[in-house]
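Derivation of every value follows stated rules applied to the coordinates shown; laboratory data play no part. Computed from a predicted model, the values in this text were never measured in an experiment. Glycine also receives a Cβ, built like all others from the backbone with ideal geometry; neighbour counts cover every protein chain displayed.
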Amino acid sequence: MLGPQGGLTRGLYFDKPPGNSWALPWHRDLTIAVKQHGPLGCFTNPTKKAGVPHVQAPAELLARMVTAAFTSTA
């Protein structure tokens, strides 16, 4: 589906215990995790989320990315 240039960039796992679940409406993430902040170039808005550096990626890069989310309710 993604072709030979496809690859995994990160994985997220949300543990939603019964009774403590939360809904998340449809949205589009504009930030991506990076190893470290450096010269930004076409990236903007450097932040940290849970201690991990993130930057806002340009639309051209985001248009080539696919995100799949999986959660557990057990």
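Figures for the structure shown
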{"quantity": "Gained length - Asp29 relative to Lys48, 0.36 nm times residue gap less alpha-carbon distance", "calculated": "5.4 nm"}
{"quantity": "Label assignment, mean projected area of the Cα convex hull in nm² derived from the structure, set [x] 6.7; [y] 4.2; [z] 5.2", "calculated": "[x]"}
{"quantity": "Amide H within-cut-off set for His54, under 5 Å, with H built and near neighbours excluded", "calculated": "Val34, Thr47, Lys48, Lys49"}
{"quantity": "For the chain, size of Cβ-based charge dipole, Lys and Arg +1, Asp and Glu -1, in debye", "calculated": "120"}
{"quantity": "Among Pro46, Tyr13, Pro58 - extreme Cα towards positive end, dipole of the chain, charges at beta-carbon", "calculated": "Pro46"}
{"quantity": "Sequence ranges 35-45, 51-61, 2-12, ranked by mean other-Cβ count within 10 angstrom, highest first", "calculated": "51-61, 35-45, 2-12"}
{"quantity": "Per-residue [θ]222 nm for the chain (sum of -39500 (n - 2.57) over DSSP H runs n ≥ 4, rounded to 500)", "calculated": "-1000 deg cm²/dmol"}
